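See structure below.
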Amino acid sequence: MGLSADPWLIDWLGRRFGDDYRWSASKLENYGACPFVFLLSSVLRLDERDEAEEETTRLIYGQT
């Protein structure tokens, strides 16, 4: 597991997830399943992107 030495990040994480922060059982299960996905979704709050459309048109390629 990697460690960060960035003082800003350490301070932000400490304020956001201090000693009194309560983790739900489902969040802990998510962490156990995949720590990286847990970081993206629960810590950084990034959402999964929608699927790209399969259809290709002239507008997409910039052709007339």
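The values are calculated or read from the model by the stated rules, or taken from the named source; none is laboratory data. Keep in mind the model is a prediction, meaning the values are calculated, not measured. Cβ: placed from backbone, ideal geometry, glycine included. Neighbour counts: every protein chain shown. Protein only, heavy atoms only, side chains kept; ligands, DNA and RNA dropped before computing areas. Shrake-Rupley method; radii C 1.70, N 1.55, O 1.52, S 1.80 Å.
For L3, the conditions (1) at pLDDT 80 or above; (2) open to solvent by 100 Å² or more (accessible area, probe 1.4 Å); (3) assigned to a loop (DSSP other than H, G, I, E, B); (4) not β-branched (V, I, T) all hold with the exception of (1). Here Q63 meets each of (1) at pLDDT 90 or above; (2) open to solvent by 80 Å² or more (accessible area, probe 1.4 Å) with one exception, condition (1).
Flag: L40 does not match the condition of being surrounded by 10 or more Cβ atoms within 10 Å (Cβ to Cβ), of a type in the set (A, V, I, L, M, F, W, C), modelled with pLDDT of 75 or more and part of a loop (DSSP other than H, G, I, E, B). Considering the stretch 10-37, and only residues there that are open to solvent by less than 90 Å² (accessible area, probe 1.4 Å) and either touching a strand residue (DSSP E or B) at 6+ places or on another chain (Cβ under 9 Å) or of a type in the set (K, R) (or both), the residue that is nearest to E48 (Cα to Cα) turns out to be K27.
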